[in-house]
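None of the figures in this text is laboratory data; all of them are computed from the coordinates on show. Just so it is clear, the model here is predicted, and its values are computed rather than measured. Every residue, glycine among them, receives a Cβ derived from its backbone with ideal geometry; neighbour counts consider all protein chains shown.
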Amino acid sequence: MLDAYTRRARLAPAALAALPAVALLGGSLLAPTRAASIIAMGFGAVGILICGLVRDAGLRLQPGLWGSWGGAPTTRRLRWRDAQDAAQTQRLHDRLNPLLSHPLPTHAEEDADNSGADRRYDEAVAALRERTRDPVRFQLLFAENIEYGFRRNCLGLRPYALAVAAASLLVAAIAIIAIHGAQRTAYIVSAGIALLALIGWQMLVRPDWVKLAAERYSNQLLAAIEQLRLDHP
């Protein structure tokens with residue numbers, strides 16, 4: 001049985017991206033001519049296959065996203081050079097350090113070696129993630145992780161989803177023109193779904209949409225420090 005993360009963060013983006021092709025495939029089953037049916041079914045199957053093959057697109061996209069944001073959200077929260085309030089950053093380090101094998105870089109250490117400090121921050125974040133994987137104990141964190149994964153993977157699939165939606169709309173439009181009778185209704189519905197998908201993927205699925213979820217996940221991850229500190233008084 002698929003877990004909640006897989007269903008929401010991995011399968012849902014692929015399903016949304018494939019929806020116009022699925023609708024076109026359904027319409028093709030009602031097509032009165034064999035040629036129209038074969039063309040639509042063939043394209044629908046290809047669209048679904050493509051979405052399955054690019055399920056890892058979000059992970060490939062992630063490094064570039066983080067780079068455009070100036071680094072991973074939690075790493076940026078730990079940096080001295082990105083701090084708006086140095087005292088607040090010091091308090092965050094003081095809370096996190098007892099949970100780590102090696103303390104976080106001091107302000108002077110970061111100034112001397114930014115890249116080295118970032119590596120240590122990344123290691124600390126990775127350790128924190130490993131200790132907060134229990135979805136029952138850290139329910140809010142788990143929910144934010146799912147939402148971030150969903151949005152990131154949607155953005156990774158965006159070029160393919162737009163292509164599938166545009167091609168589905170084109171094929172449906174041709175079928176509407178070529179086919180007469182009650183069977184046109186199925187293709188009209190398919191065209192409407194494809195048009196809505198095209199607008200939705202173009203207007204909604206953007207880096208800023210993903211960044212909002214990433215920041216919320218980062219906030220919850222750092223909030224989990226207090227719960228972990230109860231285990232290490």
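Values for this structure:
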read-out: Inter-label distance for Q84 and Y5, nm, one decimal - labels placed 7 Å from Cα along Cα-to-Cβ; value: 3.0
read-out: Integer Hz, Karplus 6.51/-1.76/1.60 couplings in order for region 136-142, x for Gly and Pro; value: 7, 6, 10, 5, 5, 4, 4
read-out: Summed side-chain charge close to L140 - residues other than L140 whose Cβ falls under 13 Å, Lys, Arg +1, Asp, Glu -1; value: -2
read-out: Net charge, R120 excluded, C-beta distance under 11 Å - Lys, Arg +1, Asp, Glu -1; value: -4
read-out: Distance in nm between pseudo-label sites at E109 and L140 (7 Å out along the Cβ direction from Cα); value: 3.0
read-out: Spatial separation of Cα centroids for region 67-135 and region 196-233, in angstrom; value: 17
read-out: Estimated FRET transfer efficiency (D56, H180; beta-carbon r; R0 41 Å; 0.05); value: 0.40
read-out: Shape of region 66-211, Cα gyration tensor, a/c cut at 1.5; value: prolate
read-out: Length released on extending from A223 to R133, taking residue separation times 0.36 nm less the Cα-Cα span; value: 31.0 nm
read-out: Loop-located trypsin sites (Lys or Arg not before Pro) in region 62-143, at most 13 other Cβ atoms within 10 Å (DSSP); value: R81, R133, R137
read-out: Förster-model FRET efficiency, 30 Å R0, H102 and L204, C-beta, rounded to 0.05; value: 0.15
read-out: Region 74-90 - phi-based ³J(HN,Hα) in whole Hz, Karplus 6.51/-1.76/1.60, Gly and Pro as x; value: 5, 4, 5, 5, 8, 6, 6, 6, 9, 6, 7, 9, 4, 5, 5, 5, 5
read-out: Cβ-defined net charge surrounding S218, 9 Å radius [Lys, Arg +1; Asp, Glu -1]; value: +1
